[in-house]
Structure formats: C-alpha cells, structure tokens
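Notes for the one structure printed next.
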Amino acid sequence: MIAIKPGVLLENLSPQMVLGHTIVASIFGGMCTITSGSDGTHMTGSLHSKGNAIDYRTSHLTSEQRSNMAAACKEALGENFDVVLESDHLHVEYDPKAATVAIA
C-alpha cells in the first residue's frame, strides 16, 4: 500500500523521481508513506522544489530495518540518486553527478 500524507505536493516530479519512487515503493513493500514532495520548507539547495526529491516515513520501522531499507534503496537506485536516512524519514533525491571526461 502506498499512502500520501495530506498536503504533500507531487505535481512537478521529474520522470526520474517517478521511476525512483516506483523502485523505493517496491523495496518498502507493505507500507510506504510519502511525507514530502515539492511542498514544505527544506534546506537551502534542496531538490524538493525542483521535483527531484521525495521523503518517506520510517517511524514504523526498527533501526535495523531503516538501515537495511536505506542500503537497499541506494543499491537499487544507483549513483545518480542520493539516499539519506534522516532521524524521522528516508530522503531520496535524483542528483546526477557530472561525468568525468578524460582528455587525451
């Protein structure tokens, strides 16, 4: 089951975050609640306002489950996503890193 906390805005999600959410939701399995999209107040430089970040509730998980969930999400999403386990939620953002180009 996927739930969305009242007041959460998801209108401007990037295609990459839609795909990322699908992957995260499959890892969460039984209960996945989105607690923030482009709504709310976030840190300076946050990718929430650009539609490239979603927060997920983790209060229903044990500490070990939270850690395992974060690790599984990071592995499944790959290097273009950042997965940050906060004290009360899992923050997932699409933040591709610039490719290093070697010039011969």
For this session: Please tell me if residue 11 is acidic (Asp, Glu), more than 12 Å from the chain's Cα centre (by Cα) and within 20 Å of residue 87 (Cβ to Cβ).
Result: no
Exercise. Quick one: what pairs do we get from the range 68-97, first residue outside any strand (DSSP E or B), second modelled with pLDDT of 95 or more and of a type in the set (Gly, Ala, Ser), C-beta under 7 Å, 6+ apart or different chains?
Worked result: 77/20
Seminar exercise, completed: In the set 89, 48, the lone residue that is at pLDDT below 90 and either touching a Gly at 6+ places or on another chain (Cβ under 7 Å) or not aliphatic (A, V, I, L, M) (or both) is 48
Exercise. Within the range 48-66, is even one residue basic (Lys, Arg) and either surrounded by 16 or more Cβ atoms within 10 Å (Cβ to Cβ) or closer than 15 Å to residue 90 by Cα (or both)?
Worked result: yes
Problem set entry | Contacts under 9 angstrom Cβ, first residue in the range 29-45 being more than 20 Å from residue 59 (Cα to Cα), partner assigned to a strand (DSSP E or B), 6 or more apart | 38/53
Exercise. Can you name the residue in the range 11-40 that is out of contact with any helix residue (DSSP H, G or I) (no Cβ under 9 Å at 6 or more places or on another chain) and at pLDDT below 90 and, of all such residues, is surrounded by the most Cβ atoms within 10 Å (Cβ to Cβ)?
Worked result: 31
For this session: Within the range 1-25, count every residue that is part of a helix (DSSP H, G or I), in contact (Cβ under 8 Å) with a residue 12 or more places away in the chain and among the hydroxyl-bearing types (Ser, Thr, Tyr).
Result: 0
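The values are calculated or read from the model by the stated rules, or taken from the named source; none is laboratory data. Nothing here was measured: the structure is a model prediction, and the numbers come from that model. So basically every Cβ, Gly included, is an ideal-geometry build from the backbone, and we count neighbours across all protein chains shown.
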